[in-house]
Amino acid sequence: MSNKEKIVVLGAGVGGLAAGYFLARTGKYDVTVLEKEAVIGGLCASFEHNGFVLDYGAHKLYSIIPGVLDEATALMGDRLIQLPKKNRLYLEGKLVDYPLKLGNLAKALGPLRFLQIGFGYGIEVLKGIFNRKSPGSYKDYIIRRFGRPTYELVFEPLADKVWGDPATLHPEMARTRLPASGGLELVLKLLGLKKETADTNAEFFYYPKAGFGDWPQALAEGIQAHGGQVLTSVDVQGLEMQDGRVRSVKTAVAGKPQSFACDYLVSSLPLPLIGRMVFGGSDEQFNKAVTGLQFRHLVLVYVWIKRPMVMEDQWVFFPQRNVVFSRLFEQKQMNPALGPADSTVITADFTAAEGSALWQSSDEQLTQRVIDGLVEIGLTNRDEVTGSLVIRKPNFYPRYDLAYADKMKLVSDKLRQVPNLLTTGRIGMYNYNNSDHCADMGRFIAEHLAAGEAAPDIWRALEQRVADYKIVD
Ligand SMILES: Cc1cc2nc3c(=O)[nH]c(=O)nc-3n(C[C@H](O)[C@H](O)[C@H](O)COP(=O)(O)OP(=O)(O)OC[C@H]3O[C@@H](n4cnc5c(N)ncnc54)[C@H](O)[C@@H]3O)c2cc1C
């Protein structure tokens, strides 16, 4: 029998798999990853449908965190291809560079609107000299950085589509999602006088030839190569707690109960779910905080078009309110071999709030709205559309409301009382992030646990680390 400590990891998305991979690689732990679905990968998986290999929306492998891309390329080798990044924003019938450049906006909007935008920005610069208070919301943050006209033209409609009213969003939401250049630097970049850096804009990215899902697949293979296991179709239903520690994980496998004993538990399950499993309904304040963390649901509508390819970019953002989607992605732009030569698939992604008319729409209604949008922007004709698919992923977008930081503090202070529990991943850490951040979290947990640090201390340090993550477009 192995004398290694047993670590059970919950969830086989990149969050769980990366933690499992880096932990197994230390040689100190017996790692078992438990996944409720029959397939691994979570939102980073790929799947086959109607002749195509498809991802869950546009996924690129890129990172500005030192060492993360090196780890991915060392693990995957020639399973990865490198692509120049092509993505833009659709504004008033024209495609403009994203991140935004004022010079480019000028061409798209004409001199008068451009002057208006420049004037709006100038006013905010002047106001900033006297106003030293931190921005109170997403809306404040963006107006101060870009001016009101640009906020109203681009950021307000886009943020409203993805997260709902920007005045009710925490400024952290903007900081994570947008380049954090200083004032002068931002002006120079907007004017095109200073180049975007790798910190704000990816010039290239990696993509697995076989579909994005080959990235979690490679992590799972890495776990197995280091003696660990990844078990699918295992539904985690509860925890057995003893003296405040997690002793074992209670699951259902093919409808039958099965327990997995552990020395440590690393969970990438939704934070509210693991919170309920640990404390049940015993602490009202905790319950209120954890169930008060807000999420938006993800909707993906795939449309099959009888034409080899229809876009020039890999993906394009759509802030305008007359189309339902906030982004369109063409799968074959990543690798034409992922589908047949004579047709293409466009994936439209957007989010919806629980209980909203949008979320309650039928699949047929959602598909119709997406096709209407594609026709309106001139990407296709109705008679070229040969098929469609709608996928809904509930609660996948953390929505940082104005009170989220207080709720998170309460939740994590309480969960950190469990001395052998750590959480990771996007919903597991309640952190709006990409898969490279998930990989970084896994690496961080493994390095610090193997160095003998206590789990609650690692968790505290990890929280500080994830607060600095930025999504690079
Ligand atoms: C439209 C879109 C575009 C994106 N673009 C990019 C991009 O360009 N690059 C990038 O790197 N990232 C991108 N991301 C983000 C990326 O998808 C996430 O960061 C990543 O998938 C999070 O992984 P995770 O493991 O934390 O969560 P998940 O992928 O959700 O994995 C959680 C796993 O836990 C399992 N699980 C849940 N409950 C249980 C249970 N009770 N028992 C057992 N298992 C359970 C789930 O089945 C799932 O497999 C994008 C996301 C979206 C939506």
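The values are calculated or read from the model by the stated rules, or taken from the named source; none is laboratory data. Bear in mind the structure is a predicted one, so any value in this text is a computation, not a measurement. As a convention, Cβ positions derive from the backbone with ideal geometry for all residues, glycine included, and neighbour counts pool all protein chains shown. Keep in mind that these areas ignore ligands, DNA and RNA; they rest on the heavy atoms of the full protein, side chains included. Shrake-Rupley method; radii C 1.70, N 1.55, O 1.52, S 1.80 Å.
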Checklist line | Filter result for the condition that a residue is buried (at least 21 other Cβ atoms within 10 Å of the Cβ), part of a helix (DSSP H, G or I) and in the same structural domain as Met277 (by TED's automatic domain parsing), over Leu422, Leu462, Leu410 | finding: Leu462
Next item on the list: Tell me which of these Thr386 doesn't satisfy, since it passes every other one: (1) part of a helix (DSSP H, G or I); (2) exposed (fewer than 14 other Cβ atoms within 10 Å of the Cβ); (3) in contact with a strand residue (DSSP E or B) (Cβ under 7 Å, 6 or more places away or on another chain).
Entry: (1)
Note to self: Considering only residues that are over 30 Å from Gln320 (Cα atoms) and β-branched (Val, Ile, Thr), which ones fall in segment 65-110?
What the structure shows: Ile65, Val68, Thr73, Ile81
Next item on the list: Starting from segment 250-278, take each residue that is touching a residue at least 12 places away in the same chain (Cβ under 8 Å) and in a helix (DSSP H, G or I) and list its partners that are among the polar types (S, T, N, Q) and within 11 Å of the ligand (Cβ to nearest atom), counting only C-beta distances under 6 angstrom and pairs at least six apart or across chains.
Entry: Ile274/Ser267
Note to self: Testing Asp349 on (1) away from the ligand (no atom under 15 Å from the Cβ); (2) at pLDDT 95 or above, one condition comes back false. Which one is that?
What the structure shows: (1)
Checklist line | Those residues of segment 114-150 which are open to solvent by less than 60 Å² (accessible area, probe 1.4 Å) and not in a helix (DSSP H, G or I), in sequence order | finding: Pro135, Gly136, Ser137, Gly147
Note to self: I'm trying to understand the selection: among the residues of segment 22-43, which are within 24 Å of the chain's Cα centre (by Cα) and either closer than 24 Å to Gln237 by Cα or among the small types (Gly, Ala, Ser) (or both)?
What the structure shows: Leu23, Val33, Leu34, Glu35, Lys36, Glu37, Ala38, Val39, Ile40, Gly41, Gly42, Leu43
Margin query: Out of the residues in segment 233-266 meeting the condition of being of a type in the set (Ser, Thr, Tyr) and more than 9 Å from the ligand (Cβ to nearest atom), tell me which one is nearest to Met441 (Cα to Cα).
Written below: Tyr264
Note to self: Go through segment 383-407 and report how many residues are under 23 Å from Tyr138 (Cα atoms) and more than 16 Å from the ligand (Cβ to nearest atom).
What the structure shows: 7
Next item on the list: Scan segment 439-459 for residues that are open to solvent by less than 10 Å² (accessible area, probe 1.4 Å) and within 15 Å of the ligand (Cβ to nearest atom) and jot them down.
Entry: Ala439, Asp440, Met441, Gly442, Ile445
Notebook entry, point to check: Scanning segment 46-80 for residues that are more than 19 Å from the chain's Cα centre (by Cα) and within 15 Å of the ligand (Cβ to nearest atom), which turns out least open to solvent (accessible area, probe 1.4 Å)?
Noted result: Met76
Checklist line | Residues that are touching a Gly at 6+ places or on another chain (Cβ under 8 Å) and more than 14 Å from the ligand (Cβ to nearest atom), drawn from segment 415-438 | finding: Leu415, Gln417, Val418, Pro419
Item checked: Among the candidates Val187, Val236, Val230, Val154, residue that is modelled with pLDDT of 95 or more, over 30 Å from Leu80 (Cβ atoms) and open to solvent by less than 60 Å² (accessible area, probe 1.4 Å) -> Val236
